[in-house]
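Worksheet: the structure to be examined is printed underneath.
Please treat every number below as a calculation from the coordinates, not as lab data. All values reported here derive from a predicted model rather than from experimental measurement.
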Amino acid sequence: MECCMIPKTFCLVVALGVVILLPFLSWAGEIYRWTDDRGTVHLTDDPSKIPEVYQNRVETVDLPEETPKDAPRVPQRKSPSEDRVKQYLEQMDRKIEERKRLEKKVSELEEELRLAQERLKWIDDYDKEHFQYQQSFRDTRTGRFVAVGSPYYDERVRLEAKIKRLMDELASLEEELDQIKRSL
């Protein structure tokens, strides 16, 4: 008397199929990993490809099941907080670049100002030494007393105007730089 409604032959076929396919299914997700003498890591899914020298160094790595190739991939969306962080970092990078640009410009202008002031001092010293007995008059453009006959009078006027312009430009750049530094 049989209590099972499934024929015995069907059960035997299923059992035989499981026994035959079991070894193949266990190998399907395994990867073999070994490191050679140079430190290079090698991966393979076929253990016969592993050189005999490295057989004792082999590690088995189980892989997760793969998703079917037909399955649609869902694109990863960034959260709003990630976007805000990225925007903030980009903004900080721009501010840092702007600060570097302004610092370089300030440095160049300070050097130009220093050279103009040195030249003006040299002209003043030259005039004091060589034209101390000359007649002086008040320059209507600058309001300063100038020795008559000084060969550097025109250069002095240009240098004084240049120094004033450089100082004004430096002051505005320093203000911009301070604003950027406060915002960092």
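Sequentially through the range 34-42, phi angles give Karplus couplings (6.51, -1.76, 1.60; θ = phi - 60°) of 8, 10, 7, 5, 7, x, 7, 8, 10 Hz, Gly and Pro residues having no value and appearing as x. Here the Karplus curve 6.51 cos²θ - 1.76 cosθ + 1.60, taken at θ = phi - 60°, turns the phi angles of the range 79-87 into couplings of 6, x, 5, 5, 5, 5, 5, 4, 4 Hz, with x standing for Gly and Pro.
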